[in-house]
Structure formats: structure tokens, C-alpha cells
1. Quick one: what does P(r) look like for segment 55-148 with 5 Å bins over all Cα pairs, in whole %?
2. Compute the length gained on full extension between His138 and Asp245: take 0.36 nm times their separation in residues and subtract their Cα-Cα distance, giving the result in nm to one decimal.
3. Note the angle between two axes, namely the Cα long axis of helix 155-172 and the longest principal axis of the Cα atoms of the chain, as a number of degrees from 0 to 90, rounded to the nearest 10.
4. Based on Cα coordinates alone, diagonalise the gyration tensor for the chain, multiply each eigenvalue by 5, take square roots, and list the semi-axes in whole Å, largest first.
5. Would you report the distance distribution of C-alpha pairs in segment 148-208 as whole percents per 10 angstrom bin, up to the bin with the largest distance?
6. What FRET efficiency, computed as 1/(1 + (r/R0)^6) with R0 = 51 Å and r the Cβ-Cβ distance, is obtained for Glu352 and Glu30, rounded to the nearest 0.05?
7. Considering only Pro151, Pro28, Pro210, give the residue with the highest GNM mean-square fluctuation for the chain, with springs between Cα atoms whenever their separation is below 10 Å.
8. Distance between Cα centroids, segment 206-275 to segment 80-136: provide it in whole Å.
Amino acid sequence: MSNRLTAAMIDQAAERLRPVIRRTALEPNERLSGLLGGRVLLKREDAQLCRSYKVRGAFNLIASLTQDERRRGVVCASAGNHGQGVAFACARLGINGRVYVPSTTPRQKRERIAALGGDRVEIVVGGGTYDEASGAAHDDSERTGAVYVHPFDDVRTMAGQGTVGLEILEQSGGRPGTVVVPVGGGGLISGLAVWLREHSPGTRIVGAEPAGAASMRAALDHGGPVALPELDTFVDGAAVGRVGDATFPLVKELVDEVVAVDEGAICTEMLDLYQTDGIIAEPAGALAGAAAREALPYASPGPVVCVVSGGNNDVSRYNEVLERSLVHIGLRHYFLVTFPQRPGALRHFLDEVLGEGQDIIAFEYIKKNNRETGPALVGIELERAGDLDDLLFRMKASPLTVERIPPGSPLFTFIL
């Protein structure tokens, strides 16, 4: 097996996958087209088997195994979607497997892995991050002889995921001007880039990764894969602390640009996909659309294609999604307010500081009897983002001591 991915491998993967996976739609999106001022198409991998493109790579790798390897079984690490693809492949091909997941994996994804794998697959919690789960799965592979099914850093996985690019070209009726691809470990964008560079070399390829897990950007800046010192796992489908050794050179060579997208912008796009387009996307599935509206200030000479990579979202997360979105678009703000410990202090704040259409959505007051003042955490929601300056002016004119908590502050982690 070659260590270098080629377009011919993606062709072979497409033939292997054609009887198994869905050929997902490539459909126009009026909302994003209006925002960008040009034609935007969505590649709907949220409607794929297992509701994610990950099944393409997992099935292609497992179907490529020898009879001896199949008897030994497989093991993998996954934040959820890859594990579902492995579980589906194991059940379909009659192979035993174990899926190691980090403790942050949403319950909905764990339940789907169990349902897809049936009695062929065992789920094991291995650490608090994907990288810790990956280490545990590698240890299992070395100990038992089970074949490790990598979610991105294996040419067989990358070839299967690259069939997304093959379908985009077949379905678009022409060559896209720009393709925006979510980036975690780099498997999808590597496969897609190999195919596009051979068959549509003029297409601009943009990778989009979450700002709190920008491991590809770190690798590009460093000159090679490097472990992030900290990792925000909110975008669980793309929260990888270190990109692949096989994927990185392809991204460096073939991808035009990699952008980091604020998690709040991703949440805003998730909500717009749901409320306007009727599409349920997980955070990683909204990455490309968020990048297109936030980080593409240029007009594309052809249509922009955004890959909606997955739709496995747990409904219990929507409170946090809404909170992050409101903070991002400037409608929700938090302050530390020091109130004098006397009657009427809160009434003064409500009457003299808050304006029309401004509501308190959070208030936590800590009263200390041996002090003349007491601090409170106050959350305020605005009707319009532009009303913030007037609110800040009234706060400054007030006798109260007010400190704004910016979204980048360490204190903000106690709010979200």
C-alpha cells in the first residue's frame, strides 16, 4: 500500500463505496448565496449514512482488509462520527470491533454507535479528549492485534473521504470556484484536495477549523504537526489536538487557505441552518458555512461549495449553542456590578442604567454582611447589537462600579 494518496485511490474507493453509501445532494442555498453575493451550494453529508461523511473512510479501510486482518478485528478512536462509520462497517461486513470515545462525546453519538454496531461493536470510554482516546485505542491494537482504523491519518481513510470531492465535481455541472471544507485531523480536506487538484486545478480550496482547536493552522505555522497546548472540545467533530502526519503535507501543498472560525460564529450558522434552511447540523457540520460568511471577503469566480459534514447533534446542547451565538453577534453581554448594600440600589440599576428593550437574563448576587458593597454577575440581552455603546455610557455615568466581562476573558468559561 502506498503512503501517498493518489486520485486513482479515490477512484477505487468510489467504486467500492458506490453500492453502500449514499450519493448525497449538492443543493443551492439561498441564504448563504444572499450573504456572499454569489451562488453557494451545500454538499449535504449530514444526510449520509450515519449522518456524516466519516462512514466513507471507515468503510473503505475496513473493506480493504485481508481475511487474516478481518479475523483479528478492528479498533478505533472517535469523537462520535467515525465510530458510527466503523460500527456500520463492522455490522455490514461481519467484523468485530471496539470504539474508544472521549468522555466529551455527546450521548446521542454513543447511542448511535451502539445501535449501528449491535453485538459486533463494544464502546469504551478512553480519556477526556480525542487524543487520549486515540492513545488508548493504539494500546489496544498493540496488545490484541486488532487493526487500528484511523479516522483521518491513513490513505485508505483519506481515499474514502476524498470521494466527497469526486461527487462534488460530478454533480456541480462545472468547476466550483471555491470549496470550503471543515478540518479536524485533515482526512477529508486531504482527499478532496488530491482529487480536485487533478481534475479541477483552478478551484480554490479553503479549510475551516474551530478557533479553539486550530491544529492545522498551528502545524502550518510550525512547519509540521504539533500538539496544541489547550483544546476547546465544543466542536467535537473537529476538535483534534494534532493533525495527521500523512494529511499535513497534502494540506500544505494543495490547500490554498486554512482559516480559524470562532465557535460563536459556528453556533450562529448552526441556528441559521436549522431555522432558515431546515438543516440539523452538528457544530463541525456548520464550520464551512460559518467560514464562508465570516472569512471569505472575496467574490468567487464560480459557485462556492460548503461541505455540511455531519448532522449528529444532541438537542440538549442547543442552550449552549444559543448562548454562544448571542454573545458572538453582540446581543448578550455580561458584567460584574458592585452594588451598595442599601435599599433601592437594584432599582436604580433597572431604572437608570437599563434602556428600552434591554433585559436582565442572569443575576447572581453575593451579599457579604461585613461589607458595605456586594458584587453581582449580571447578564444583559440587547434588542440590537448597536445599543451596546449607549448601555456602556449609562453604566459609566452611574455611581455603580461596573466591569465588563469580555468573551475572551478566563471568567467567561464560568458563564458558558
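1. Pair shares across the bins are 3, 17, 28, 27, 18, 6, 1.
2. Between His138 and Asp245, full extension yields an extra 37.0 nm.
3. On a 0 to 90 degree scale, this one is about 80.
4. Calculated on Cα positions only, the semi-axes equal 44, 25, 17 Å.
5. 25, 55, 18, 2
6. Taking R0 as 51 Å, the efficiency between Glu352 and Glu30 is 0.70.
7. Its mean-square fluctuation being the largest, the pick is Pro28.
8. Cα centres, segment 206-275 to segment 80-136: 22 Å.
FYI, it's all coordinate maths here, none of it is from the lab. On a predicted model such as this, the values are computed, not experimentally measured, just so you know. Every residue, glycine among them, receives a Cβ derived from its backbone with ideal geometry; neighbour counts consider all protein chains shown.
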